[in-house]
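The values are calculated or read from the model by the stated rules, or taken from the named source; none is laboratory data. Everything numeric here is computed off the predicted structure, so don't read it as measured data. Methodologically, a virtual Cβ is constructed for each residue, glycine included, from the backbone with ideal geometry; neighbour enumeration extends over all protein chains shown.
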Amino acid sequence: MLNRKDDHIRLAQEQFHPSHFFDDEIEFVHQSLPLVHVDKISSQQSVLGKKFAWPFFINAMTGGSSKTKRVNASLAQIAKDCNLAMAVGSMSPIFKDPSNKDSYTIVREVNPDGIIFSNLNLNYSPSQMQEAVDLIEADALQLHINAPQELVMPEGDRDFSQWLKKIEASVKQVKCPVIIKEVGFGMSQETIQQLLSVGVKAVDISGRGGTSFTRIEGARRKQPLLSNWDNWGIPTPIALLEARAAFQASKKEGKITLIASGGVQTPMDVAKCLALGADLVGLSGFFLQLVLDHTSKEACRLTKAFQEEFLMIMALLACQEIKDFSHSSLIFGDRILNWAKQRHLSLEEFSTTKGR
């Protein structure tokens, strides 16, 4: 387990590259009269029973070894210094070797008052999930679903038949908000409809575009894969459109917390996710590079520059607060247009700026 967690960090760092899908496929329509006062803009977002200072956070990455403990400590320091929420990586190692617990508890030690998410897969009982929550005094639990990764992983799971039942049990029994999270493959509207049917109230669609866990696990295999699994999944912006369609069909739009992640690397990417309907946006690769390539002081400086640029974007889009992103006008590229046409996803609401 220890070697696998360290491998994930090494391979994720090696495959990190600029993602162009957001730039190539989505543009904001510039408005020359934003009519806002920059100093009065609010970046706060209230979801999951908490008030977030920023609508983006450090998403799940790692834990389970001495090396990943250092990474988590550095990430937690950024979260504390820059007032960001943070999710830890899968906490399954704590049930295999209790000595790994400190690679997760370090996050709460460094940032005692911050918003922190715990993280597990579906192989654990609701009581074990609660144990993971209690260990780091988590404000929410991410339960990740990762069938492609498991299938490519040499030691991965092969039985997914009870996943939906396990999700239903977790939502009912865990004593904090439960977020059902993909791991870079995106969610379709059919998947989200299944989740809504068992009471799920928060999803992270985590689309294709960032770290590819099929690629990571493929690199760990002794027997190479014959097919190209690097492009498996639904790109993040398209998964957001799929989610909106599912919410509208079930009449639950605005009642479910929608989190976007996967290939989100810039403040503009964050803004586009919010304009597409996300309530929160998670970034992993961006923050991993910060802590691996920079000192703590420099990583904090770059994070604050990210936050400052995000406020600039809010000003240009006349967003006095986060909910105003829903009024933005967007222009889409051919890949999104083709997908939307074949999947019957409406884009009309994004075509013109709505009144405030």
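At-a-glance table
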{"item": "Enumeration of residues in segment 175-188 that are more than 15 Å from the chain's Cα centre (by Cα) and either farther than 15 Å from PHE247 by Cα or surrounded by 22 or more Cβ atoms within 10 Å (Cβ to Cβ) (or both)", "result": "LYS175, CYS176, PRO177"}
{"item": "Only one of PHE350, PHE325 that is of a type in the set (Phe, Trp, Tyr) and within 28 Å of ALA60 (Cα to Cα)", "result": "PHE325"}
{"item": "Per-region count, segment 45-65, residues surrounded by 20 or more Cβ atoms within 10 Å (Cβ to Cβ) and assigned to a loop (DSSP other than H, G, I, E, B)", "result": "10"}
{"item": "Test for MET153: is it surrounded by fewer than 22 Cβ atoms within 10 Å (Cβ to Cβ) and either over 18 Å from VAL198 (Cβ atoms) or of a type in the set (A, V, I, L, M, F, W, C) (or both)", "result": "yes"}
{"item": "Any chance VAL200 is within 25 Å of VAL88 (Cβ to Cβ), in a loop (DSSP other than H, G, I, E, B) and touching a Ser or Thr at 6+ places or on another chain (Cβ under 7 Å)", "result": "no"}
{"item": "Among the candidates LEU316, LEU283, LEU274, LEU290, residue that is surrounded by 14 or more Cβ atoms within 10 Å (Cβ to Cβ) and either farther than 29 Å from GLY63 by Cα or free of Cβ contacts under 8 Å to residues at least 40 places away in the same chain (or both)", "result": "LEU316"}
{"item": "Single match in LEU258, LEU240 (criterion: buried (at least 16 other Cβ atoms within 10 Å of the Cβ) and outside any strand (DSSP E or B))", "result": "LEU240"}
{"item": "Complete set of residues in segment 170-190 that are over 24 Å from VAL88 (Cβ atoms) and either free of Cβ contacts under 8 Å to residues at least 60 places away in the same chain or of a type in the set (Phe, Trp, Tyr) (or both)", "result": "SER188, GLU190"}
{"item": "Sole exception among (1) more than 20 Å from ARG70 (Cβ to Cβ); (2) surrounded by 15 or more Cβ atoms within 10 Å (Cβ to Cβ) for ALA305, by number", "result": "(2)"}
{"item": "Odd one out for ALA245, checked against (1) touching a Gly at 6+ places or on another chain (Cβ under 8 Å); (2) part of a helix (DSSP H, G or I)", "result": "(1)"}
{"item": "Some residue of segment 159-169 being in a loop (DSSP other than H, G, I, E, B) and in contact (Cβ under 8 Å) with a residue 60 or more places away in the chain", "result": "no"}
{"item": "Of all residues in segment 66-95 being within 20 Å of ILE145 (Cβ to Cβ) and either touching a residue at least 60 places away in the same chain (Cβ under 8 Å) or in contact with a strand residue (DSSP E or B) (Cβ under 8 Å, 6 or more places away or on another chain) (or both), the one that is surrounded by the fewest Cβ atoms within 10 Å (Cβ to Cβ)", "result": "SER92"}
{"item": "ALA305 in contact with a Pro (Cβ under 6 Å, 6 or more places away or on another chain), of a type in the set (Gly, Ala, Ser) and at pLDDT 95 or above", "result": "no"}
